[in-house]
Amino acid sequence: MERRYFIRWMTLSALASLLPPTLSACDSGETPPTPSSNNSPDIDTSMGEDGFQALGTIPQLEAQGTILDRRNAPKSVLIFRHPDTQAIVALNPMCTHQGCTVELSADENRFQCPCHGSQFGLDGAVLSPPAEKPLPYFEVKQEGDLILVKAQ
Ligand code: FES
């Protein structure tokens, strides 16, 4: 065997020896987590003829405080109870400035964007720029324990 073929063969052999750990890491059977999403995986989320889609349950909302569903991203849906009215509210949590996901403030009376500091009221209205447009709201209805949202 010529020297250059031997070196190529050794290089390929060395690379091949790295494959099993790489392949086993890919085949661990684990699904990568969806950061920040806490939607319920065990409900039928197919869309009804009226355009509403079940995205969570009342017990889930009571247990978690919020439901963040990213299945329809970029039209993600954040569901929460308005602290004053106790009404179930759903809005798109993507900041209207550049699309970061807003977060509920510690006192739960506004949303804050972690990227450039925009703030929004619980009704989605802009309280503090640089965002100029409000967070879009979605229609919500409740059927039994299901929370249905018209996000399309
Ligand atoms: S992306 Fe939210 S303030 Fe810039």
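At-a-glance table
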| item | result |
| --- | --- |
| Checking LYS141 against (1) out of contact with any Leu (no Cβ under 8 Å at 6 or more places or on another chain); (2) open to solvent by 60 Å² or more (accessible area, probe 1.4 Å), the condition it does not meet | (1) |
| Boolean, THR96 is open to solvent by less than 70 Å² (accessible area, probe 1.4 Å), within 16 Å of the ligand (Cβ to nearest atom) and at pLDDT below 95 | no |
| Selection within segment 99-137 - under 24 Å from GLY51 (Cβ atoms), modelled with pLDDT of 95 or more and open to solvent by less than 50 Å² (accessible area, probe 1.4 Å) | LEU135 |
| Cross-chain or 6+ apart pairs with Cβ under 6 Å, segment 90-101 first and within 15 Å of GLY121 (Cα to Cα), then of a type in the set (S, T, N, Q) and open to solvent by 30 Å² or more (accessible area, probe 1.4 Å) | PRO93/THR101 |
| Members of segment 102-111 found to be within 14 Å of the ligand (Cβ to nearest atom) and in contact with a Leu (Cβ under 8 Å, 6 or more places away or on another chain), listed by number | VAL102, ARG110, PHE111 |
| Residue check, PRO74 within 14 Å of the ligand (Cβ to nearest atom), at negative phi and touching a residue at least 40 places away in the same chain (Cβ under 8 Å) | no |
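The values are calculated or read from the model by the stated rules, or taken from the named source; none is laboratory data. Small disclaimer: the values here were computed from a predicted structure and weren't measured. Every residue, glycine among them, receives a Cβ derived from its backbone with ideal geometry; neighbour counts consider all protein chains shown. Ligands, DNA and RNA are excluded from the accessible area calculation, which covers all protein heavy atoms including side chains. Shrake-Rupley method; radii C 1.70, N 1.55, O 1.52, S 1.80 Å.
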